[in-house]
Amino acid sequence: MNIADYDDSSELIIVEADQSSAHSSPVTQSSETFKFDMEGGPIHAGIYQLVQFGGETAMDLSAGDNRTLIAYGKHESDNQKWEFSPLGAGYSIKGMHSGTYLTCETVQMNATIIATPYPVSWSVENISGKQEPTVRIVWPNSPLAMTLISSSSGTRVKLASVGQTGQEWAAHRVGELSTNPQPGPGAPVVTQSTYTISSSEPAIRVNGGGNHPTIVINSRDAIPESGELVFTSTTTTVTKIDRNVRK
């Protein structure tokens, strides 16, 4: 859905509403929301690059199998960018290149860290006393953490006992979580021809139908100054079944 900017006219026309749910004017989030808590708290939700060995070696999703986590020279590609999102008491860690989540083959010493379609929750601990935000990533309720024992390219990231070298990951923030994700493939589209928008005032109306209705806003007050204007429609499918009734 495309939304035009305000002017001094009495109407704002919104056209091309072709999704089952559309958002505009998303709430902007202050950068303070994502500031690393240097007093001992975990990192906040966002996208990070995890580096070690003087900042020259990064955690990398192997291009060989798109599954194994390895050491590789730091670069700007998405296979070195990781999205941390709250999940239970910890965080899921999703690769921006593949959309898969970090987990381990088994919960034991020297188990390889891999990426799969299924999110798991990691315990992310702040390591204090560092010049830059640094974390240790631990398998919950275990003494095992993500460990990189060498900066040599191709070295696998594995689980090892907490306290060993190679567990201090400098967390370089490189992006923020999307507050208004785009619909993925297969997302439903509007198919109904009748639309109803609830409003205490006749500030919003919909003209036309089908997949391309026109939404008319008669008042500036219909859109919050610093919030969201959300249009939601539903799709109803009616299936007619013929039955042969024997007398």
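Here, each number is a calculation from the coordinates, and none is a lab measurement. Because the structure is a prediction, the values reported are computed rather than measured. Glycine also receives a Cβ, built like all others from the backbone with ideal geometry; neighbour counts cover every protein chain displayed.
Other residues whose C-beta falls under 9 angstrom from the C-beta of residue 98 contribute a net charge of +1, scoring Lys and Arg +1 and Asp and Glu -1.
Net charge of the neighbourhood of residue 60, taken over other residues with C-beta under 13 Å away and scored Lys/Arg +1, Asp/Glu -1, is 0. Percent of alpha carbon pairs in the range 31-175 separated by more than 20 Å? Result for the distance tail: 40 percent.
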